[in-house]
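The next block holds one structure in the form of structure tokens; read it before the comments.
Nothing in this text is a laboratory measurement; each read-out follows from the coordinates by a stated rule. Because the structure is predicted, anything quoted here is derived from the model rather than measured. Positions of Cβ are backbone-derived with ideal geometry, glycine not excepted, and every protein chain shown enters the neighbour counts.
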Amino acid sequence: MDFTSFLIQILNALQYGLLLFLVASGLTLVFGIMGIINLAHGSFYMIGAYLAFALSSLTGNLMLAIVLGIPLAFGFGALLERLLFVHLYKRDHLQQVLLTYGLILIFEELRSLTVGDDVHGVAIPELFSASIALSENLSYPVYRLVISVVCIALAAGLWWLMQRTRLGMMIRAGSFNREMVQSLGVNIDMLYRTVFALGVALAALAGMLAAPISSVYPGMGGNVLIISFVVVVIGGIGSVWGALVAALLVGFADTFGTVLMPDLAGLAVYLLMAVVLLWRPEGIFRKG
Amino acid sequence: MNSGVVTLFKLAVLAGLMLFPAIGSSFYVELVAKILVMAIFAMSLALLVGFTGLVSLGHAAYFGIAAYTVALIAPEYEAANLWFVLAASVLAAGAAAFFVGLFVLRTKGIYFIMVTLAFAQMAYYIFHDTALGRSSDGIYLNVKPDASLFGWTPFSLDDPAQLYYFILAAMAAVFVLLSFVLRSPFGRVLAGIHSNEHRMKSLGYATFRYKLAAFTLAGALAGVAGFLYAVLFGFVTPEYLSWHQSGNVLLMVILGGLGSLAGAVAGAFAFIGLQEMFSDWTKHWQLLMGLVIVAAVLFMPTGLAGLPRRIFRTVNWGEDDE
Amino acid sequence: MVGKDRKLRLAVSALGLGLGMLLAQGAAEAADKVKVGLMLPYTGTYASLGNAITNGFKQYVAEQGGKLGGREVEYFVVDDESDAAKATENANKLVKRDNVDVLVGTVHSGVALAMAKVARDSKTLLIIPNAGADELTGPLCAANVFRTSFSAWQPAHAMGKVVAERGHKNVVTLSWKYSFGEQSVAGFKEAFEQAGGKVVKELYLPFPNVEFQPFLTEIANLKPDAVFVFFSGAGAAKFVKDYEASGLKANLPLYAPGFLTDGTLDAMGGAGEGLLTTLHYADGLDNAKEKAFRSGYVAAYKIQPDVFAVQGYDSAQLLAAGLSKAPAGAFDKEAVMNAMSAATIDSPRGAFTLSKANNPVQDIYLRKAEGSQNKVIGVAAAKLADPARGCKLMK
């Protein structure tokens, strides 16, 4: 591997890591703040991708589709919380696993019934369809850089939301002591609903942004779910920073794993996880 | 409802299961055999989930490791010795659980769920991607193991009815073994950990060791199930280790109701029974399955095992048995 | 009393007679029926393939007036979900519970392997309408196991020859790390290196990962003359898009078995334009059977048929060929099997026969992606037979 391609691999790792962060951030929020384990997170990613497909075929513009899709996903999340998840706060994790597992099946079948089982493509917006030359025979699509920029902006935005706003303060307090925050006159139900809807919207946004690159297809949520779990486990539950660092680590492990030890490529990410857990059983940025 | 009625009911079920090969056609005998294997699998997980409070979402790993062990060490066209391959598979599963337990038992709650899942994925990729698993499409176990013991052959697994009884006996043995374990001082410590680990720690119990022992035992018993599954169907595939398998067995445990071995068995019957029924009705059967699961969580939090008690309580018939 | 008794006896014997007639009729009906068990994916990633195969199969049966070889077809359907963990039980459901005469399935190779085991153990006739694992008609071949699709080796081997003929010397391969991918690469490598080329490096990524960037970088670094890949479905669409976006497509010709571009060209949104692939079927084949098949399919299902529909259609044709030679009455498996082995199938892909291992001996076409079609531009390998290594039937 010469120096140029080494640099390009670093770029690949960063870019993949940022995308993983986007997918995992919603998961870690819902885990960390609400104490809900959500196996259906991958389904929300899938729903986002299909929303991008449906809305961009309707409007003919992916960016417009995303602008429309985010409030839809947010509203959908709030509705789900009101109907189902609100019953889970007092239950143990087991019931959460069960309910969200059931939801995976339901969403997958509804997808099959409404959109069918074919693979569909989503066009990259005209504005970002160019590529930048990196070496004599390799170039880099602008759209991927755009995704990276969005991910970084989102990471910063989440940090700002959690650390610098009144809402973030209430959310953080609520995750430590639900009753106390409630007794201070904060509408905790509304707060939780917001957090959950935010988690769903983040997953859906990840799906919408990834749709032009990955296409939309049956079962796409399942693949994303496991890798998001690994990111959250490595980063430490509930920590946005942890998720970012872990996502980048996973991006590097996956990228360089495939280059340096191709026979164990599938295992590289899990080996990383095992090493981190030996060192810090509760993840790098353990919260609370 | 008193314990006498419960025992009577369990015995009646056992009698029904023993008589079943006489009346069921070969497909249904195999189906019930499969359910019995899954019941062993579910009971092994119930030891962790229901009695120790450890929710593992990676239990299929040990099931699959045992299944692969028998398929890999058995000669291709000859019968392996049943007792040898059984011991080897169960040991392999137990050893894997011990090793993984060293890592995962340092975590708790949601973390434990996710870490067990991640380790199971790792095991999945070992069999799917590396030469150890031979082919990602799976491998055959061409010849069923031979049950001979020092030159004496008590039964032959080639006969479907005898295989069925072997599995039924294994299921009963695991049931009895776990019942004893749970009533032993060891089992009471696990129950103590379940209700309050801090208290057990402050009482001087090295809870980590107890949990590790439970995790290893559960892995080994899942190995019994995996071994039987491989022998029953003569085929192993990396999908035995997939997280869907882990999810399904967890569903069986929860559907049956926590804290009851009989519940785990009932859960295996209910889960596979529903799956069979729905998939005969419609090709969108997973939608029905999903709806049942969601409804079960919302309206039946105590599972099937809690159902009779709830019904009895509602109709005010007899006193509670606990 | 006596009168009543006689009446009762009369009633009973009438009932008995009626029942007897019903039973006899049932038996006669059963003799004129063939019970077909379809075990295909109707949910999950491969659901659209399962539906296409089913459509193709039923289309041929409908063309024959609902009969195959003079027998009414009775269907038993099981969704295999492409889940290998449940495959044996699902196959047994059809074989042991429904007592089907013929098992038809499936798409996923791991599931097909389990089906083949059930078929061999229970000596049931099995027709595989897609799964391409080499071993199904290789080491695991059996007289009662037939395939109407392809072996992984076939299109890949044909491509090896084409790539060498097009003057490429050094090639890098990339595929998912699973059996189908590895077998395709092996088939390609065999033909390509025989013709004087060299596979510089075999790259694999874990299935079903689709993060291709590191591999594209590595390929750019290795600077081969051409690239051979095996991908299918959504992964294929993503790969081709990434390959084009990385600028490699302009400099480095990409070759693949046809699964790369079948059913995925629309999702690629133009990135696949001009790709050369090999497969046993193509768009724009000029034969009467193809035209009739296509118009019939479009009329019945309101969509264009694909290679999977053809494979389903030919599975029904193969079964019909067997049944029409077999004597009337009870299902004579031996006779059906023998006639099937000897049959020539007039397929929309062009006529094919079966090898001794019961795998199609067929033309593999070279195709070029144009718009949403894979247009035939020539025959990459005529009457190509899988070597069926390790198959005992070959001797």
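Label-to-label distance for B:S184 and C:K33 is 5.5 nm, based on points extended 7 Å past Cα in the beta-carbon direction.
The alpha carbon radius of gyration of the stretch B:25-243, expressed as a multiple of 2.2 N^0.38 Å, is 1.04. When a/c is below 1.5 the answer is rounded, else prolate if a/b is larger than b/c, else oblate, so apply that to the stretch B:1-105 with a ≥ b ≥ c taken from the square roots of the Cα gyration tensor eigenvalues. Oblate shape, in that a/c is at least 1.5 and b/c is the bigger or equal ratio.
Between amide H atoms placed 1.01 Å from N, distances below 5 Å from C:F331 occur with no residue 5 or more places distant or on a separate chain. Per the Debye formula on identical point scatterers at the alpha carbon atoms of the stretch C:253-314, with no solvent, log10 I(q)/I(0) at q = 0.29 Å⁻¹ is -1.29. Between B:F99 and C:K302, the FRET efficiency estimated from the beta carbon spacing at R0 = 56 angstrom works out to 0.50. Our coupling estimate for the stretch B:155-164, obtained by passing each phi through the Karplus curve with A = 6.51, B = -1.76, C = 1.60 and θ = phi - 60°, is 7, 10, 6, 5, 7, x, 5, 5, 4, 4 Hz, Gly and Pro reported as x.
Mean per-residue shielding of peptide B:103-114 is 6, counting Cβ atoms of other chains within 10 Å of each Cβ. Annotated for the stretch B:25-243: lysine pairs at least 8 residues apart or interchain, Cα distance under 19 Å, count 4.
Our coupling estimate for the stretch B:87-103, obtained by passing each phi through the Karplus curve with A = 6.51, B = -1.76, C = 1.60 and θ = phi - 60°, is 4, 4, 5, 5, 5, 4, 5, x, 5, 4, 5, 4, 5, 5, x, 4, 7 Hz, Gly and Pro reported as x.
A Stokes-Einstein calculation at 4 °C with viscosity 1.567 mPa s, built on the Kirkwood radius of chain C over Cα pairs, returns a diffusion coefficient of 58 µm²/s.
On full extension, the segment bounded by B:V176 and B:R134 gains 11.5 nm, given 0.36 nm per residue less the C-alpha separation. With neighbours defined as other Cβ atoms within 10 Å of a residue's Cβ, the residues C:F146, A:F53 order from fewest to most as A:F53, C:F146. In a fully extended conformation the segment linking B:N81 and B:K201 would gain 38.8 nm over its present Cα-Cα distance, using 0.36 nm per residue.
In degrees between 0 and 90, to the nearest 10, how far off the longest principal axis of chain A does helix A:166-176 point, with axes built from Cα atoms? The two axes meet at around 70 degrees. Taking amide H as placed 1.01 Å from N in the peptide plane, C:Y255 has its amide H under 5 Å from the amide H of C:V227, C:F228, C:V229, each at least 5 places away in sequence or on another chain. Pair-distance distribution of the protein assembly as shown: all C-alpha pairs, bin width 20 Å, starting at 0; shares per bin in whole percent are 13, 43, 35, 9, 1, 0. What the Cβ-Cβ distance of B:K108 and C:Y75 gives, at R0 = 56 Å and to the nearest 0.05, is a FRET efficiency of 0.60. Ranking of A:T255, A:T28, B:T282 by neighbouring Cβ atoms within 10 Å, starting from the fewest: B:T282, A:T255, A:T28.
Axis angle, to the nearest 10 degrees, between helix C:288-301 and the longest C-alpha principal axis of chain C: 70 degrees.
How would you rank C:296-305, A:17-26, B:59-68, C:347-356, highest first, on the average number of other Cβ atoms within 10 Å across their residues?
Per-residue Cβ counts within 10 Å, averaged per peptide and sorted highest first, yield B:59-68, A:17-26, C:347-356, C:296-305.
Putting +1 on Lys and Arg Cβ atoms and -1 on Asp and Glu Cβ atoms, find which of A:I47, B:L163, A:G283 reaches farthest to the positive end of the dipole of the protein assembly as shown. Farthest towards the positive pole: A:G283. Once both labels are positioned 7 Å from their Cα atoms along Cα-to-Cβ, the gap between C:N338 and B:L298 label points is 6.2 nm.
With θ taken as phi - 60° and the Karplus curve 6.51 cos²θ - 1.76 cosθ + 1.60 applied, the whole-hertz 3J(HN,Hα) list for the stretch B:221-233 is 6, 4, x, 4, 5, x, 4, 5, 4, 4, 5, 4, 9 Hz, x standing for glycine and proline. Positive-end ranking of A:V181, B:L31, B:G109 along the dipole of the protein assembly as shown, with charges on Cβ about the Cα centre, is headed by A:V181. What number, rounded to the nearest 500 deg cm²/dmol, is the helix-based mean residue ellipticity at 222 nm of chain B, given -39500 (n - 2.57) per DSSP H run of at least four residues and division by all its residues? When only DSSP H runs of four or more count, the value is -24500 deg cm²/dmol.
Please order C:F259, C:F231, B:F41 by the number of other Cβ within 10 Å, starting at the fewest.
Result, fewest neighbours first: C:F259, C:F231, B:F41.
Each Lys and Arg contributes +1 and each Asp and Glu -1, all at the Cβ; summed about the Cα centre of chain A, the dipole is approximately 1060 debye.
Here the scattering of the stretch C:123-270 is modelled by Debye summation over its C-alpha atoms, one equal scatterer each and no solvent; at q = 0.10, 0.13, 0.20, 0.21 Å⁻¹ the log10 of I(q)/I(0) is -0.35, -0.58, -1.24, -1.33.
Among the listed pairs C:K33/C:K325; C:K33/C:K289; C:K238/C:K302; C:K33/C:K96, those whose Cα-Cα separation exceeds 22 Å are C:K33/C:K289; C:K238/C:K302.
Taking a straight Cα-Cα cut-off under 14 Å and skipping sequence neighbours fewer than 8 places away in the same chain, the aspartates and glutamates within cross-link reach of C:K86 are B:E30, B:D137, B:E239, B:E276. Computed from the C-beta positions of A:F3 and B:M18 and an R0 of 60 Å, the FRET efficiency is 0.25 to the nearest 0.05.
For the stretch B:25-243, a crude dipole built from +1 on the beta carbon of Lys and Arg and -1 on the beta carbon of Asp and Glu, taken about the Cα centre, is about 1240 debye to the nearest 20. Per-residue shielding of A:4-10, expressed as the average number of other chain Cβ atoms within 10 Å of the residue Cβ, stands at 4. Distance between the pseudo-spin-label points of A:L83 and C:A250 (7 Å out from Cα toward the beta carbon): 4.9 nm.
Against the empirical curve 2.2 N^0.38 Å, the C-alpha radius of gyration of the stretch C:220-338 lands at a ratio of 1.47. Once the Cα atoms are used to define both axes, helix A:3-34 deviates from the longest principal axis of chain A by about 10 degrees.
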